[in-house]
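The values are calculated or read from the model by the stated rules, or taken from the named source; none is laboratory data. Owing to the predicted nature of the structure, the values given are computational and were not obtained by experimental measurement. Please note: Cβ atoms are built from the backbone with ideal geometry, for glycine as well, and neighbour counts cover all protein chains shown.
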Amino acid sequence: MYDFHIHSNYSLDGTYCVEDLIKMAKNNNCTTIAITDHNCVKGCIRAIECGKQYGIKVIKGIEIDCVYNGIDFHLLAYNINVEDEYFTFIENYYLRQNELNTLKQVRLFEKYFNVEFSDDMLESVLVKNIIVPEDLCAAIIKSHLYDECDWLKPYINGGFRSDNSNVNFYWDYFSQGKVAYVKNINIGFDEILNFIHSQNGLAFIAHPLLNFKDDQDLIKCIKSGIDGIEVYSSYHNDSAINKYLDIAKNYNLKITCGSDFHGEHKPTIKIGVHNINMKINDIYSFD
């Protein structure tokens, strides 16, 4: 019934427009959703009106990059005032960060694997002067120029990382700590949290398994004022779900569920599918 973590093409790595997402949610029997684009509220503004046409309640939301004690992670914010100019600042700030670092990432990748991508290929995947690694992977695979390269084989022809090849390519080579990673200067967690709470909004840690490798770091972040955790996620197996469910209960946190649907870059992820196995009335529904 619920999916509180969906991306439209207002996210650089999202592939579907808001209208298509609403139709997908309707077809998947969702009654309440949130469009939570990366550092951008434009998608959720459009979704609220579109949702009314299909009888779907849309919660105002966003997924913001931030940093806590040196750990970069994603913060989901809900029930926000989308008209606040600070959201325009957030969007422009991160677009600029990505624009500054995008070519640096590609050059690190090329140097590490002793490969050179043509200017035509790089220009073909530019969006707002930014090269999204998932789009780059799709272009590389489509070109067939690098099929014999060991670094690409896991992502093609039934390779062991070909289920979600584009995003796996990003995670394996461009994410934090990997060979082509260039660190953005993320906005501090305290600043973002204080802003959300100043609006009477709610702040949730997105898919903690992906970002918090040490549970103690997660708990320290929680104690700093988090309202809830995305316990149920496409990335959480039963073991992770049970762990985060216990943490949420121990610290009296709200619990949400989210697919983190992006579209073509994560083809195995579907709207409304987030490994939920508890009574639906235990999920915080933002009513």
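Here is a list of conditions, (1) crowded, with 16+ Cβ neighbours inside 10 Å; (2) assigned to a loop (DSSP other than H, G, I, E, B); (3) under 24 Å from the mean Cα position of the chain (by Cα), and Trp151 meets all of them except one; can you say which number that is? Trp151 satisfies every listed condition except (3).
Residues considered: Asn194, Asn211, Asn166. Of these, the only one that is assigned by TED's automatic domain parsing to the domain that holds Glu110 and within 30 Å of Phe89 (Cβ to Cβ) is Asn166. From the list Thr256, Thr268, exactly one residue is buried (at least 20 other Cβ atoms within 10 Å of the Cβ) and assigned by TED's automatic domain parsing to the domain that holds Asp37. Which is it? Every option except Thr256 fails the conditions.
Checked against (1) touching a Leu at 6+ places or on another chain (Cβ under 9 Å); (2) outside the structural domain of Pro267 (by TED's automatic domain parsing); (3) in contact (Cβ under 8 Å) with a residue 12 or more places away in the chain, Gly159 meets all criteria but (3).
The condition of being without any contact (Cβ under 8 Å) to a residue 24 or more places away in the chain and among the basic types (Lys, Arg) holds for only one of Lys249, Lys266, Lys243, that being Lys249. Selection of the stretch 56-82 for residues being modelled with pLDDT under 95 and in a loop (DSSP other than H, G, I, E, B) yields Asn69, Gly70.
Checking each residue in the stretch 216-252 for being in a loop (DSSP other than H, G, I, E, B) and over 21 Å from the mean Cα position of the chain (by Cα) picks out Ser224, Gly225, Tyr251, Asn252.
Evaluate the following for Ile90: is it part of a helix (DSSP H, G or I), closer than 26 Å to Asp217 by Cα, in contact (Cβ under 8 Å) with a residue 40 or more places away in the chain and not basic (Lys, Arg)? Yes, satisfied. Residue-level analysis places Ile22 among those that are modelled with pLDDT of 95 or more, part of a helix (DSSP H, G or I) and touching a Cys at 6+ places or on another chain (Cβ under 6 Å). Across the stretch 42-71, the number of residues qualifying as β-branched (Val, Ile, Thr), under 16 Å from Tyr10 (Cα atoms) and surrounded by fewer than 21 Cβ atoms within 10 Å (Cβ to Cβ) comes to 2.
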